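Structure record follows, encoded as structure tokens.
The values are calculated or read from the model by the stated rules, or taken from the named source; none is laboratory data. What you are looking at is a predicted structure, and each value in this text was computed from that prediction instead of being measured. Every residue, glycine as well, gets a Cβ built from its backbone with ideal geometry; the counts of neighbours run over all protein chains shown. Heavy atoms of the whole protein, side chains included, go into the accessibility calculation; ligands, DNA and RNA do not. Shrake-Rupley method; radii C 1.70, N 1.55, O 1.52, S 1.80 Å.
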Amino acid sequence: VGHQGMRVGDTPLCNYLRAHWAERGLMPQQYEQLFFSRFMSLWATNSLHLWPIMVAIGEMNDGKSTAFEKIMWLLYGPSYESETLPTDKRSFYAAVTSKSMRVFDNVDGIDFDKEQLEDIICKCSTGGTVPMAELYKTNVIKEFNLRCNLMFTARSTPYERSDMARRTIYFHMRRLTSAERVPKDVIQRPLRDQRDDLCFEILLRLRLMRRALDAT
């Protein structure tokens, strides 16, 4: 069902989220559908056992970060920028327990095994808690829920551990032409001009998703 009579794939939201997907394993149209489905699942995560990690893979300046930043611009405002992955455990715990989604850039330079982040990342996807001592109190433990929608960018597959790979959806980006490399403010223009339409389409699609779930 299209928004305002338009075909699915040619709506304000689909056009806004469109990225330069490569033909690798899947066709670009299949990556687009998979990415859009994962985006819509952000509003149904409490009903899902698995929150798949999204990893965009491509060369420098191929739009990896922008693909995920578009989501964050829509939800948190156009000033959002992707972050550097914290490598000490306490900072990483703070990052993934303070927000429901995070975008971490260029994570292929990090040794996940050495930094002991793998189990934390897995729990962000499938659920779990972490006990942490409350500062300035004796024998007082706080339980933090490790549930976070993680988005990583990398130039190559950032980790090999099988349980992490099973929780990950990889999105391959193609090399951009010089004409396709445009300033960030140009990419954000649809957000400024069509924000009401984008939000309305999200609500409309969620309504249709709810109807479909009620019918099953």
>> Could you tell me how many of the residues in the stretch 73-102 are under 15 Å from the mean Cα position of the chain (by Cα), more than 19 Å from D119 (Cβ to Cβ) and not β-branched (V, I, T)?
In response: 11
> Somewhere in the stretch 189-207, is a residue more than 26 Å from E83 (Cα to Cα) and among the aromatic types (F, W, Y)?
Replying inline: yes
> Inside the stretch 56-95, can you point out the residues that are over 20 Å from P183 (Cα atoms), small (G, A, S) and in contact with a Leu (Cβ under 9 Å, 6 or more places away or on another chain)?
Replying inline: A95
>> Taking the condition of being polar (S, T, N, Q), more than 12 Å from the chain's Cα centre (by Cα) and surrounded by 12 or more Cβ atoms within 10 Å (Cβ to Cβ), how many residues in the stretch 20-46 meet it?
In response: 3
>> Within the stretch 6-22, does at least one residue satisfy the condition of being over 20 Å from D193 (Cβ atoms), modelled with pLDDT of 90 or more and not in a loop (DSSP other than H, G, I, E, B)?
In response: yes
> Are there any pairs, at least 6 apart or on different chains, whose C-beta atoms fall under 8 Å, with the first in the stretch 48-59 and without any contact (Cβ under 8 Å) to a residue 12 or more places away in the chain and the second open to solvent by 10 Å² or more (accessible area, probe 1.4 Å), and if so, which?
Replying inline: L48/S41
>> Quick check on my filter: what residues within the stretch 179-216 are open to solvent by less than 80 Å² (accessible area, probe 1.4 Å) and not in a helix (DSSP H, G or I)?
In response: V182, P183, Q188
> How many residues does the stretch 93-125 hold that are farther than 23 Å from N61 by Cα, open to solvent by less than 40 Å² (accessible area, probe 1.4 Å), assigned to a helix (DSSP H, G or I) and of a type in the set (A, V, I, L, M)?
Replying inline: 4
> If we keep just the residues of the stretch 47-57 that are in a loop (DSSP other than H, G, I, E, B) and within 15 Å of the chain's Cα centre (by Cα), which is farthest from N106 (Cα to Cα)?
Replying inline: L50
> In this structure, does T153 turn out to be part of a strand (DSSP E or B), in contact (Cβ under 8 Å) with a residue 24 or more places away in the chain and either on the phi < 0 side of the Ramachandran plot or open to solvent by 30 Å² or more (accessible area, probe 1.4 Å) (or both)?
Replying inline: yes
